[in-house]
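Scroll down for the structure; my scribbles are underneath it.
The values are calculated or read from the model by the stated rules, or taken from the named source; none is laboratory data. Predicted, not measured: the structure shown is a model, and the values here were computed from it. As a convention, Cβ positions derive from the backbone with ideal geometry for all residues, glycine included, and neighbour counts pool all protein chains shown. SASA here: full protein model, heavy atoms, side chains in, ligands and nucleic acids out. Shrake-Rupley method; radii C 1.70, N 1.55, O 1.52, S 1.80 Å.
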Amino acid sequence: MSKAWKHFCTITRHKNLVLVGCFKVGLYKQGLLHDLSKYSPTEFLVGCRYYKGYMSPNNAERKDKGYSTAWLHHKGRNKHHLEYWIDYDVDTGDGKEHGGMTGMKMPIRYVVEMFIDRVSASKNYQKEKYTDQSPYQYFLKGKKNYIIHEDTEALLGYLLTMLAKRGEKTTYAFVKNEVLKGKVPYNKEELEQRTRAL
């Protein structure tokens, strides 16, 4: 089987997993539109060339070139990626140092899509080795490298912890009935308290 076909199957399987997850929580439009840019020539051709099957082709392109053209294209077009929300910090008049790059607070619906994306990517690459702890372990592994708003990181961490401890069915129902209906506080302090209580 050619690399192009294998890559197509991999990204389509991932897209379908996200679609199912988004539909479970009521994010129908996001489920349908998720990752469509992966089928554009800029991303798809790189994916075919660097296809591995067990990791993102973007990482393979990075190792080869030192950067990933596909990722640079992808992150600027898909709001469920924390990198989409990186911007310059501004002086807010609070007397604190400002001016560097920082993560902006993501709208909740995109945090939820990011959560579902991570669950789906873990399922797609780990296949039969996947457990409900897998996305949380991946989150912990990369956490120190993220540029992400503290409230957004806390919400993502809370959902991944809930998944690891209570399972997918409970977590998705909680997302649909509590998180997306604004019943969960979206701030670091309260989310960290809730996470410790899980």
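Overview of results
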| quantity | calculated |
| --- | --- |
| Selection status of K123, open to solvent by 30 Å² or more (accessible area, probe 1.4 Å), touching a residue at least 24 places away in the same chain (Cβ under 8 Å), in a loop (DSSP other than H, G, I, E, B) and of a type in the set (K, R) | no |
| Residues satisfying the stated conditions in region 142-170, i.e. within 13 Å of the chain's Cα centre (by Cα) and either open to solvent by less than 70 Å² (accessible area, probe 1.4 Å) or among the hydroxyl-bearing types (S, T, Y) (or both) | G142, Y146, I148, T152, E153, L155, L156, G157, L159, L160 |
| Neighbours by Cβ (under 6 Å, 6+ apart or cross-chain): first from region 71-100, closer than 18 Å to E113 by Cβ; second modelled with pLDDT of 75 or more and among the basic types (K, R) | H81/K75; E83/K75; Y84/K75 |
| Leading residue by the ranking (nearest to the chain's Cα centre (by Cα)) among those in region 10-43 that are open to solvent by less than 40 Å² (accessible area, probe 1.4 Å) and of a type in the set (A, V, I, L, M, F, W, C) | V18 |
| Boolean, L160 is in contact (Cβ under 8 Å) with a residue 12 or more places away in the chain, in a helix (DSSP H, G or I), in contact with a Pro (Cβ under 7 Å, 6 or more places away or on another chain) and among the hydrophobic types (A, V, I, L, M, F, W, C) | yes |
| Near pairs, Cβ below 8 angstrom, 6+ apart or cross-chain, from region 101-118 (under 18 Å from R77 (Cβ atoms) and among the aliphatic types (A, V, I, L, M)) to any residue that is open to solvent by 40 Å² or more (accessible area, probe 1.4 Å) and in a strand (DSSP E or B) | M104/I86; M104/D87 |
| Residue in region 175-185 that is crowded, with 17+ Cβ neighbours inside 10 Å, within 25 Å of E83 (Cβ to Cβ) and in contact with a strand residue (DSSP E or B) (Cβ under 6 Å, 6 or more places away or on another chain) present | no |
| Evaluation of F139 against (1) hydrophobic (A, V, I, L, M, F, W, C); (2) open to solvent by 20 Å² or more (accessible area, probe 1.4 Å); (3) assigned to a helix (DSSP H, G or I); (4) touching a helix residue (DSSP H, G or I) at 6+ places or on another chain (Cβ under 6 Å) (one fails), failing number | (2) |
| Single residue of Y84, Y51 found to be open to solvent by 20 Å² or more (accessible area, probe 1.4 Å), in a loop (DSSP other than H, G, I, E, B) and among the aromatic types (F, W, Y) | Y51 |
| Where a residue in region 174-188 is outside any loop (DSSP other than H, G, I, E, B) and its partner, wherever it lies, is among the β-branched types (V, I, T), with Cβ under 8 Å and at least six apart | V175/V25; V175/V112; K176/V25; E178/V184; V179/I108; V179/V112 |
| Test: residue in region 60-67 that is buried (at least 17 other Cβ atoms within 10 Å of the Cβ) and touching a helix residue (DSSP H, G or I) at 6+ places or on another chain (Cβ under 6 Å) | yes |
| Count of region 13-44 residues which are closer than 25 Å to G182 by Cα and outside any helix (DSSP H, G or I) | 3 |
| Close pairs (8 angstrom Cβ cut-off, 6 or more residues apart or separate chains): farther than 16 Å from S122 by Cα in region 44-67, open to solvent by less than 90 Å² (accessible area, probe 1.4 Å) and basic (K, R) anywhere | F44/K38; G47/K38; Y51/K6 |
